[in-house]
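Below is one structure, written out as C-alpha cells, with a few remarks after it.
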Amino acid sequence: MITRRQLLALAALPALKAKAADYRLTIGPISLEIAPKTVIKTVGYNGTAPGPLLRMREGQTVTIEVVNSTNEPEIVHWHGLHIPSNVDGSLEEGTPMIAPNGTARYTFNASPSGTRWYHTHMMAMRNLKRGAYSGQFGFIYIEPKSDPGAFDQEIFLALHEWDPYFTTAEDAMDVAYKRGTINSHCLGAGEPVRVKRSQRVILRILNASATMHRRLALAGHSFRVVAMDGNPVATPKAVDILELGPAERVDALVEMNNPGVWILASTDDHARRDGLGVVFEYAGQTGPPQWVTPSKEKWDYTVFGRSGNDVTAEKIPLVFEKIFAGSRWVDKWAINGKSWPKNEPIWVKAGHRYRLAFDNRSDEDHPVHLHRHTFELKSIAGVATSGVFKDVVVVPAKSIVEADFVADNPGKTLFHCHQQMHMDYGFMSLIEYREP
Ligand SMILES: [Cu+2]
C-alpha cells in the first residue's frame with residue numbers, strides 16, 4: 001500500500017526535476033578548415049564557428065545550457081536581448097562566470113524579436129586567442145509574433161577574421177589578421193549561396209569581428225535594408241554598400257534579378273583577397289565568380305530613419321578620449337576622463353528617458369554597445385533623426401552621435417566599445433538604476 005504522503009511525494013517528483021534545456025552549447029577547442037590546407041585552431045561552440053543558429057519565438061522562455069570544456073573561465077553574452085543582469089552574460093553586471101570545465105544554465109524570455117547573437121564576453125587584453133578574437137560567436141534569431149516577412153530564402157552571414165597578430169604600423173599597437181571568412185570559409189573555399197532567379201532573399205548579416213569595421217557589396221545587386229541590429233527601420237531603402245562596425249547587424253532583402261555567379265565581399269581589396277567574401281550562384285549558372293568595383297556610396301544611418309526629432313530627454317554627455325600609453329604600447333581609453341574600472345557608474349531612474357550624447361574626440365571610429373536595452377538614434381553629426389533602433393552605433397572619429405533609451409530594465413547595465421582592444425583597455429562603464 002502506498003500512503004497518501006508517498007503518493008504526494010511521487011507526484012511532486014517531475015516538478016522537482018529541472019526543465020530540460022532548449023539549447024546546449026559546448027565551448028571547446030575547434031579546428032576550422034577555412035580554405036584548403038588552412039586550418040584555424042581556436043575555441044568555438046559545438047565544434048564549429050559560427051556556432052549553431054539558435055532560433056526562438058518572441059516571448060518564449062528559453063533555457064540554454066552552456067558547458068565550458070576549456071581550462072579557462074568563460075561567459076556567454078546574449079547580445080541585443082532585454083534580459084536580467086544575472087543572465088545577460090557580463091561579469092561586470094554580475095552574471096557568474098562559467099568555471100573551467102564547469103556548466104551554466106541561462107533561462108530568459110526571448111525578446112525583442114529580430115537578428116540577435118551570442119558571443120563570449122571575456123577580456124582578451126594581449127592574448128589574441130581569447131575573447132572576440134576566438135571563434136565564440138553565433139546567431140540568435142527571435143521570430144516575431146507577427147509579420148513573418150515576405151521572402152523566399154533566408155541566409156545568415158557572419159564576418160570574422162583569423163590569425164590575429166600585433167602591428168605597430170601607426171605608432172601604437174594595433175591588431176591585424178591573416179585571413180577572413182564569411183561563415184566558416186574563405187571566399188571561394190566553401191559552398192556558394194545557391195539562389196534562383198526572381199527569388200527574394202533576406203540576408204541577415206553580422207559583423208562578428210573583434211576589431212574591424214567592414215564595407216560590403218554584392219556584385220550585380222543592391223541591398224534593401226529592412227532592419228538594423230534586428231529592429232525594423234522606419235524607412236527601408238536600397239543601397240549598394242553596407243557598412244557594419246564590430247557587433248552590428250543588417251537585415252537586407254536582395255531581389256535575385258541578375259542571373260550569374262557573383263561575389264558578396266568586403267570592398268577592401270586586401271580583406272577580400274584574405275577571404276572575406278562568399279559566392280552567390282544562380283541555379284543553372286556557371287563560370288568564375290564576378291566581382292565589380294563598387295560605388296563610393298557613403299553609409300548614412302539617417303537615410304533609414306525619419307527626419308527630425310521632436311522628443312526631449314535628459315542628456316547624459318559621454319566624452320570618448322584616447323590616452324596615449326607610449327610608443328609600441330596599447331592605447332588606453334576614457335569615458336568622461338576616466339577608464340574602467342576607475343569610473344563611477346552612470347545613474348539612471350527607472351521609467352525615465354535619457355539621451356546618450358556620444359562625443360568622440362578621438363581619431364578612431366567606435367562601435368559603442370548598450371547592454372539589455374535598445375536605443376533610438378536621435379542625431380548623427382548634427383543631423384536629427386528618428387526611427388532607427390539599435391544596440392550598437394558607430395560613432396565616427398571627431399563627431400557626436402546622440403541616442404535615446406528608456407530606462408525600462410532595472411539592473412546593472414554595461415556600456416562599452418565593442419572593439420575588443422578598446423573595451424579591454426578602459427572603454428567601458430556601468431549604468432546603474434538609482435533606487436526610487
Ligand atoms: Cu572603440
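Each value in this text was obtained by applying a stated rule to the coordinates, not by laboratory testing. Bear in mind the structure is a predicted one, so any value in this text is a computation, not a measurement. Don't worry about glycine lacking a Cβ; one is built from the backbone with ideal geometry, like all the others, and counts go over all protein chains shown.
Mind listing the long-range amide H neighbours of ILE98? Cut-off is under 5 Å, sequence gap 5 or more, other chains count too, H placed in the peptide plane at 1.01 Å from N.
GLU74, ILE75
Answer rounded, prolate or oblate for the range 129-272, using the Cα gyration tensor with square roots of eigenvalues a ≥ b ≥ c: rounded when a/c is under 1.5, else prolate when a/b is larger than b/c, else oblate. If you can, show how the numbers build up before the last one.
Working: a/c = 1.97, a/b = 1.58, b/c = 1.24.
It is prolate, given that a/c is not under 1.5 and a/b is the larger ratio.
In Å and on Cα atoms, what radius of gyration and Dmax does the chain show?
Spelled out, the Cα radius of gyration and Dmax of the chain are 22.3, 83 Å.
Which order do the peptides 394-402, 314-322 come out in when sorted by mean C-beta neighbours inside 10 angstrom, highest first?
On the way: 394-402: 18.7, 314-322: 15.9.
Descending mean neighbour count gives 394-402, 314-322.
What aspartates and glutamates could a cross-link reach from LYS41, if we take a straight Cα to Cα line under 15 Å and drop same-chain neighbours fewer than 8 places away?
GLU33, GLU161, ASP163
Which listed residue (PHE137, LEU159, GLY188) has the Cα farthest towards the positive end of the charge dipole for the range 128-197, taking +1 on Lys and Arg C-beta and -1 on Asp and Glu C-beta about the Cα centre?
GLY188
Listed highest first by mean packing, meaning other Cβ atoms within 10 Å per residue, what order do 406-413, 235-242, 35-42 come in? Don't jump to the answer; show the numbers that get you there.
Values: 406-413: 18.1, 235-242: 16.6, 35-42: 13.5.
My ranking of the peptides, most packed first, is 406-413, 235-242, 35-42.
Take each of the peptides 338-349, 78-89, 416-427, average the number of other beta-carbon atoms within 10 Å over its residues, and list them starting from the highest. Before the final figure, lay out each step's value.
Working: 338-349: 14.3, 78-89: 22.9, 416-427: 25.2.
My ranking of the peptides, most packed first, is 416-427, 78-89, 338-349.
If each DSSP helix of 4+ residues adds -39,500 (n - 2.57) and the sum is divided by the residues in the chain, what number results at 222 nm, nearest 500 deg cm²/dmol? Numbers along the way, then the final one.
Working: 4 runs with 27 residues, N = 436.
Taken over the chain, the calculation gives -1500 deg cm²/dmol.
Between GLY80 and residues 5 or more places away or on another chain, which pairs have amide H atoms under 5 Å apart, with H built 1.01 Å from N, and which residues are they?
ARG372
Tell me, what ³J(HN,Hα) does each residue in the range 230-241 have, in order and in whole Hz, if you take phi through Karplus 6.51 cos²θ - 1.76 cosθ + 1.60 with θ = phi - 60° and put x for Gly and Pro?
Calculated HN-Hα couplings, in order: x, 9, x, 8, 5, 10, x, 8, 8, 9, 8, 10 Hz.
Looking at LEU253, MET97, SER362, which one has the Cα that reaches farthest to the positive end of the dipole of the chain (charges on Cβ: Lys, Arg +1; Asp, Glu -1)?
MET97
Ordered by residue, what ³J(HN,Hα) values in Hz, to whole numbers, does the range 405-419 give under the Karplus form 6.51 cos²θ - 1.76 cosθ + 1.60, where θ = phi - 60° and Gly and Pro are x?
9, 9, 6, 10, 9, x, x, 4, 10, 8, 10, 7, 7, 7, 6
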